[in-house]
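One structure below.
The values are calculated or read from the model by the stated rules, or taken from the named source; none is laboratory data. It should be emphasised that the depicted structure is a prediction, and the values quoted were computed from it without experimental measurement. Virtual Cβ from ideal backbone geometry, glycine too; neighbours counted across all protein chains shown. Quick note on the areas: whole protein, heavy atoms, side chains included, nothing else; ligands and nucleic acids left out. Shrake-Rupley method; radii C 1.70, N 1.55, O 1.52, S 1.80 Å.
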Amino acid sequence: MNHFQKQKLFITFFLLISCFCLAQNIQEFRGKVIDEDTKKALPLTDLQIINTNISTITNSEGEFLLKVPNTFMSNSVLVSYLGYKKQQIPLSQFKNKNTKIALTVAATVLAQVDVNAPKDAETLVKKALSLKGQNYLNNEVVMTSFYRETIKKRNKNASLSEAVLKIQKQPYITNRSDNIKIIKARKKTDYSRLDTLALKLQGGPFSSLYTDIIKYPEFIFNAEDIDDYIFSFNQSTQINNKLVFVVGFKQKEAITRPMYYGQLFIDAETYALTSAIYNLNVSNKEQASKLFVKRKPRKATVYPTEASYRVNYRTKDGKWYFGYSNTLLTFKLKWDNKLFNSRYKLQSEMAITDWNLNTTTFKNKPKDRLKPNTILADQASGFADPDFWGAYNIIEPEKSIESAIKKISKQLKKDL
């Protein structure tokens, strides 16, 4: 055995020992969050370990995977969902594989809305945007996040990307942009299902990060555009047993360029934006296409048919911060010389799973950072490793993604 072989064997042994030790220090809990009355799954439910910054979120089927260091096993988990009563559950009550959590709807006291609601919805929105220094994190922090992006052609998976990222989140009171670097990533693309050489869509982790309306208002409520919206009050709701104003918005009829419409959820006490659900008006196909399509073939027309977004904020010690985003884009590609159209669906989500004030964990090397227009490079090998993510918290894959991962793993084994 030569020196190189000995070194390789030592490294392999070291990694196996490290993984074993890591596994001994982490416990995994799987489960599902449902509505107590209807028994329906509650997607995008937040689960936060109290007195830590560790958190996760349920997938579209209400399922979750929570990885907890042994040092926090005496803690409890705060379970919260928009419009429902929050629950605080000790980790000792969680089962390893099948924990069912049922949440009940929180009643909204309409009389309180009548007393406290500002008369002008537009003024309320502008106030929420202006109070970012008071309501949101004013420290630079390093966030750990999980990112997933899928591209489907019709109903078949064409691309699956997943990554654990470190985000250098700048204070909300500054104009400095956030930075991202990749910790672990895997991607598999079936190029036979994509018109990749001819079509390139705008995507990647920064697209998810830019849904943070408070940090990046220039993408939706900049100083020039905000007066082109109509704002109105909808029926209020509750988050974590607190009254929340619901503000609807849409562009004025005289405005023809693509703008957004949707709902903003604003805390009635602090005027902090707690979440937002909104869409881009894509009725102007040509202008909407320019916002998303980076490159297209000459003999084809490409335009979006849907562009929907969601952003959720979490709170700790009275300060709110970016916690989750979800983007869904659907496109139609029409070839001049073909009878049938190609339809694509691009969906991405990013969940913050941990964060801390120790910014030294994010090395300030520009070469290690992602550029805003960067998408994840192909790295398929991780799909064959069931322990690829290690101790990092991720969003539990839904059934269709689980199926895609299994198919990729089988294909990789065949290629070996």
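Number of residues in region 80-109 that are assigned to a loop (DSSP other than H, G, I, E, B), of a type outside the set (Ser, Thr, Tyr) and touching an Asp or Glu at 6+ places or on another chain (Cβ under 8 Å): the value is 1. For region 163-173, the set of residues classified as farther than 18 Å from Tyr313 by Cβ and open to solvent by 10 Å² or more (accessible area, probe 1.4 Å) consists of Lys166, Gln168, listed by residue number. Considered as a group, the residues in region 203-214 that are assigned to a loop (DSSP other than H, G, I, E, B) and either over 16 Å from Tyr278 (Cβ atoms) or hydroxyl-bearing (Ser, Thr, Tyr) (or both) include one that is most open to solvent (accessible area, probe 1.4 Å), and that residue is Tyr210. Of the residues making up region 176-194, those that are open to solvent by 30 Å² or more (accessible area, probe 1.4 Å), at pLDDT 90 or above and in a loop (DSSP other than H, G, I, E, B) number 2. For region 265-279, the condition holds for no residue, the condition being that it is outside any strand (DSSP E or B), within 30 Å of Arg343 (Cβ to Cβ), in contact (Cβ under 8 Å) with a residue 24 or more places away in the chain and within 24 Å of the chain's Cα centre (by Cα). Report whether or not Ile352 is β-branched (Val, Ile, Thr), open to solvent by less than 30 Å² (accessible area, probe 1.4 Å) and assigned to a loop (DSSP other than H, G, I, E, B). Criteria not met by Ile352. Of the residues making up region 136-145, at least one is at pLDDT 95 or above and over 30 Å from Arg186 (Cα atoms). Can you confirm whether region 313-327 contains a residue that is touching a Lys or Arg at 6+ places or on another chain (Cβ under 8 Å), modelled with pLDDT under 90, polar (S, T, N, Q) and closer than 28 Å to Gly262 by Cβ? Checking region 313-327: not a single residue is touching a Lys or Arg at 6+ places or on another chain (Cβ under 8 Å), modelled with pLDDT under 90, polar (S, T, N, Q) and closer than 28 Å to Gly262 by Cβ. Considering region 355-387, the residues that are touching a residue at least 60 places away in the same chain (Cβ under 8 Å), surrounded by 15 or more Cβ atoms within 10 Å (Cβ to Cβ) and more than 17 Å from Ser208 (Cα to Cα) include one that is nearest to the chain's Cα centre (by Cα), namely Trp355. Can Glu286 be described as over 26 Å from the mean Cα position of the chain (by Cα) and surrounded by fewer than 14 Cβ atoms within 10 Å (Cβ to Cβ)? Criteria met by Glu286. Checking each residue in region 220-247 for being open to solvent by 40 Å² or more (accessible area, probe 1.4 Å) and over 16 Å from Ser130 (Cα atoms) picks out Ile230, Ser232, Phe233, Asn234, Gln235, Asn241, Lys242. Within region 49-79, the set of residues being within 22 Å of Pro397 (Cα to Cα), open to solvent by less than 30 Å² (accessible area, probe 1.4 Å) and not in a loop (DSSP other than H, G, I, E, B) comprises Ile49, Ser55, Thr56, Ile57, Phe64, Leu65, Leu66, Lys67, Val68, Val77, Val79.
The single condition from (1) farther than 23 Å from Ser207 by Cα; (2) surrounded by fewer than 20 Cβ atoms within 10 Å (Cβ to Cβ) that Asp267 fails is (2).
Which residue pairs have Cβ atoms closer than 6 Å, lie 6 or more positions apart in sequence or on different chains, and pair a first residue in region 125-146 that is farther than 30 Å from Ala391 by Cα with a second residue that is among the hydrophobic types (A, V, I, L, M, F, W, C) and open to solvent by 20 Å² or more (accessible area, probe 1.4 Å)? Filtered contacts from region 125-146: Val125/Phe231; Gly133/Ile173; Asn135/Trp320. Might you let me know whether region 148-160 holds any residue that is part of a helix (DSSP H, G or I), modelled with pLDDT of 90 or more and out of contact with any Lys or Arg (no Cβ under 7 Å at 6 or more places or on another chain)? No; the residues of region 148-160 include none that is part of a helix (DSSP H, G or I), modelled with pLDDT of 90 or more and out of contact with any Lys or Arg (no Cβ under 7 Å at 6 or more places or on another chain).
Looking across Ile401, Ile395, one residue alone is within 30 Å of Val293 (Cβ to Cβ), at pLDDT 90 or above and part of a loop (DSSP other than H, G, I, E, B). It is Ile395.
Looking across Arg369, Arg343, one residue alone is modelled with pLDDT of 80 or more and either touching a strand residue (DSSP E or B) at 6+ places or on another chain (Cβ under 6 Å) or closer than 17 Å to Asn179 by Cα (or both). It is Arg343.
When restricted to residues that are over 25 Å from Val246 (Cβ atoms) and open to solvent by 60 Å² or more (accessible area, probe 1.4 Å), region 80-104 contains 8.
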